[in-house]
Amino acid sequence: MNWRDFPKIELHLHLEGAAPPALIKQLAFEKKLDISNIFTPDGQYDYRDFWHFLEVYEAATSVLTGPEEFKRLTAAVLEESAAHGVIYTEAFLSPDFCGGRDVGAWREYLHAIREAADEAHAAHGITLRGIITPIRHFGGDVARETARCAQETAGDFITGFGIGGDEKAGHLKDFAYAFDMAREAGLRLTAHAGEWCGPEEVRAALDHLRVARIGHGVRSIEDAALVERLAQEQIVLEVCPGSNVFLGAYPRLAAHPIERLRAEGVKVTVSTDDPPFFRTTMTREYEDLERVFGWDAERFTQVNLVAAEAAFCDDETRAALRDRLETPHV
Ligand code: ADE
Ligand code: ZN
């Protein structure tokens, strides 16, 4: 099957993490910044492991110095996603990298991101929504400043609040206040958990942050009671199989728990996380899931309908997504 044109929903994509290396190199050249140490000789991002990845990620973002750069980034990312059949995507946006969490500066960055999103919607039919994302290893106090940016800009475009970064840093309890602020502003909630840490971290996200979705969550498979809870409470997992395999959380896709979680009744969806960092695309994820687990068009449509249901968007947008997913495609 040629999966490229198959309509897809992606719920877990870091905007900076989706930056084509060529764009980051070009911006570094324009700004006379030397970040050549983050690239391999053939121009790919270069890092040793997840923690080094986070450092390289932050180095790459250092060339994104203003709203105009984020407009170029957003345009490039959405064009690439649309080329892989993505009709709706939610991107993690970090006020940390967009004006250092100053609300006024953040509004300007957001305006630029939205302009690019509107243009991409008109040109490629792809819809974007933003999830504001504090970075765990920056700490809980800093996250409150991020939550303030979220409160001030929550609406029809900024619809979610999440947390990414180093899962082993600090405790999710430290972020409960920031998540309460976001919830009170009407934002829907997700958190990275169970990517590097075990089931206890997924429980912490559910108990302390009261999230509807979990970013990754794959290590829940190690705890049968938690798997049952996820299924019962209809918690949606934003699973990024290629990311987990590339970073070494699982040695190969055949050992990845996505199919076991799905078979146990957990709502799973499929995303790329930071596609050029992990040498993946949505097309490649689908090809791999077909090859290793035998997922077919019916299965992918089911998974995309779960994603549409769980998307942090208004019901009119959701209904339009469902229509596009259910329209037969060749
Ligand atoms: N930030 C970007 N990608 C991430 C990931 N896979 N886990 C946690 N934080 C991230
Ligand atoms: Zn992620």
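Below, the figures for the structure above:
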{"item": "Relative contact order computed over the range 1-118 (Cα-Cα under 8 Å; 6+ residues apart), in percent", "result": "39"}
{"item": "Trypsin sites (Lys or Arg not before Pro) restricted to the range 264-330 and DSSP loop, no more than 11 other C-beta within 10 Å", "result": "Arg279"}
{"item": "Segment Asn2-Asp296, extension gain: residue separation times 0.36 nm, minus the distance between their alpha carbons", "result": "104.7 nm"}
{"item": "Cα gyration tensor shape of the range 41-145, rounded if a/c is under 1.5, else prolate or oblate by comparing a/b with b/c", "result": "oblate"}
{"item": "Ala193 long-range amide H proximity, modeled H, under 5 Å", "result": "Gly215, Gly217"}
{"item": "Theoretical ellipticity at 222 nm over the chain - DSSP helices of four or more residues, -39500 (n - 2.57) apiece, nearest 500", "result": "-14000 deg cm²/dmol"}
{"item": "Cα gyration tensor, the chain - rounded (a/c under 1.5), prolate or oblate", "result": "rounded"}
{"item": "Most fluctuating residue given options Glu119, Glu90, Glu195, as computed from a GNM of the chain linking Cα atoms under 10 Å", "result": "Glu119"}
{"item": "Reachable aspartates and glutamates, given that their alpha-carbon falls under 18 Å from the alpha-carbon of Lys173 and they are not under 8 places away in the same chain", "result": "Asp141, Glu145, Glu184, Glu195, Glu200, Glu201, Asp207"}
{"item": "Loop sites in the range 201-290: chymotrypsin sites (Phe, Trp or Tyr not before Pro), DSSP, at most 14 other Cβ within 10 Å", "result": "none"}
{"item": "Asp34, Asp118 arranged by Cβ crowding within 10 Å, fewest neighbours leading", "result": "Asp34, Asp118"}
{"item": "Label point at Asp102 placed 7 Å out along Cα→Cβ; residues across the range 48-69 whose backbone nitrogen lies under 13 Å", "result": "66-67"}
{"item": "Under 5 Å, built H, 5+ apart or other chain: amide partners of Ser62", "result": "none"}
{"item": "Contact order relative to length of the chain, as percent, for alpha carbon pairs under 8 angstrom and 6 or more apart", "result": "18"}
{"item": "Anisotropy class of the range 214-330 from Cα gyration tensor, a/c 1.5 cut", "result": "oblate"}
{"item": "Euclidean distance of C-alpha centroids, the range 213-243 and the range 32-54, integer Å", "result": "31"}
{"item": "Highest-first arrangement of 41-48, 150-157, where packing means the average Cβ count within 10 Å", "result": "150-157, 41-48"}
{"item": "In sequence order, calculated HN-Hα J values of the range 39-52 (Karplus, 6.51, -1.76, 1.60; Hz; x Gly/Pro)", "result": "10, 6, x, 8, x, 9, 5, 10, 7, 8, 7, 4, 6, 5"}
{"item": "Choice from Asn37, Asn244, Asn304 with maximal GNM fluctuation in the chain (Cα, 10 Å cutoff)", "result": "Asn37"}
{"item": "Separation in nanometres of the label points that stand 7 Å from Cα toward Cβ, at Glu287 and Ala169", "result": "3.5"}
{"item": "Partners for Lys31 among aspartates and glutamates (Cα-Cα distance below 19 Å; same-chain residues under 8 apart left out)", "result": "Glu16, Glu58, Glu68, Glu69"}
{"item": "Residue-span extension gain [Glu184 to His121] - 0.36 nm each, minus C-alpha spacing", "result": "19.7 nm"}
{"item": "Partner lysines for Lys8 [C-alpha distance under 21 Å; skip if fewer than 8 residues away on the same chain]", "result": "Lys267"}
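Values in this text are rule-based calculations from the coordinates and carry no lab data. Being a predicted model, the structure only gives us computed values, none of them experimental. Cβ: placed from backbone, ideal geometry, glycine included. Neighbour counts: every protein chain shown.
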